[in-house]
Amino acid sequence: MPEIASLLDIMAEQSRRHFEQRGIEEPIVVGIHTGGVWIAEALRPRLGYTRPMGKLDISFYRDDFSRIGMHPQVRPSELPEELDNEHILLVDDVLFTGRTIRAALNELFDYGRPASVTLAVLVERDGRELPVEAAIVGAHLELGPEEQVKLRGPDPLRLERVRLEEPR
Ligand SMILES: O=P(O)(O)OC[C@H]1O[C@H](OP(=O)(O)OP(=O)(O)O)[C@H](O)[C@@H]1O
């Protein structure tokens, strides 16, 4: 599994270029609980960002909520009050089917209407079920259909290859 620090460096470089090209000084960084928040927290200092960060818990917004039930810990989302016309850097650890990001976008738009949302992920893998792609990607991993990758942490952050509990 790749080193987290080098993936974060790659993400920081891609983010810098992405926002510079668009003339955006500092987007609001929003991490998706739990792994996405860890990655967002590690990415912000690399970019020198100082605006308060947002945290999203999308448990209630998942389309398979009734199947997976309540997460052991549902944390409230914390977002800056005003998202209207803001540029958002949405951060997650793993991009797989795309359903988490669909849910995160729904929740974000319940808070306001951002000017743009850019998706950054530590790792992506094949298996998209929705038209969701990340602009900023630490690494693409080749995994078998019964494999998944999990971010463990927070101290230290590390990637682990695990077996999918059940096919999605
Ligand atoms: O693109 P998707 O198919 O939605 O998969 C990606 C999501 O899956 C993982 O979360 P998981 O549901 O395993 O919960 P966790 O964050 O508590 O590990 C990961 O942290 C992503 O948020």
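The table below lists the values:
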{"read-out": "Region 142-166, residues that are without any contact (Cβ under 8 Å) to a residue 24 or more places away in the chain and either in a strand (DSSP E or B) or exposed (fewer than 15 other Cβ atoms within 10 Å of the Cβ) (or both)", "value": "142, 144, 145, 146, 147, 152, 155, 162, 163, 164, 165, 166"}
{"read-out": "Evaluation of residue 101 against (1) surrounded by fewer than 19 Cβ atoms within 10 Å (Cβ to Cβ); (2) outside any strand (DSSP E or B) (one fails), failing number", "value": "(1)"}
{"read-out": "Region 1-36, residues that are among the charged types (D, E, K, R) and assigned to a loop (DSSP other than H, G, I, E, B)", "value": "3, 22, 25, 26"}
{"read-out": "Candidates 88, 39 - the one that is buried (at least 19 other Cβ atoms within 10 Å of the Cβ) and either at pLDDT below 95 or in a strand (DSSP E or B) (or both)", "value": "88"}
{"read-out": "Qualifying residue in region 75-83 (condition: within 12 Å of the ligand (Cβ to nearest atom), modelled with pLDDT under 90 and assigned to a loop (DSSP other than H, G, I, E, B))", "value": "yes"}
{"read-out": "Single unsatisfied condition, residue 94 versus (1) more than 9 Å from the ligand (Cβ to nearest atom); (2) of a type in the set (Val, Ile, Thr); (3) closer than 23 Å to residue 12 by Cα", "value": "(1)"}
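The values are calculated or read from the model by the stated rules, or taken from the named source; none is laboratory data. Computed from a predicted structure; not experimentally measured. As a convention, Cβ positions derive from the backbone with ideal geometry for all residues, glycine included, and neighbour counts pool all protein chains shown.
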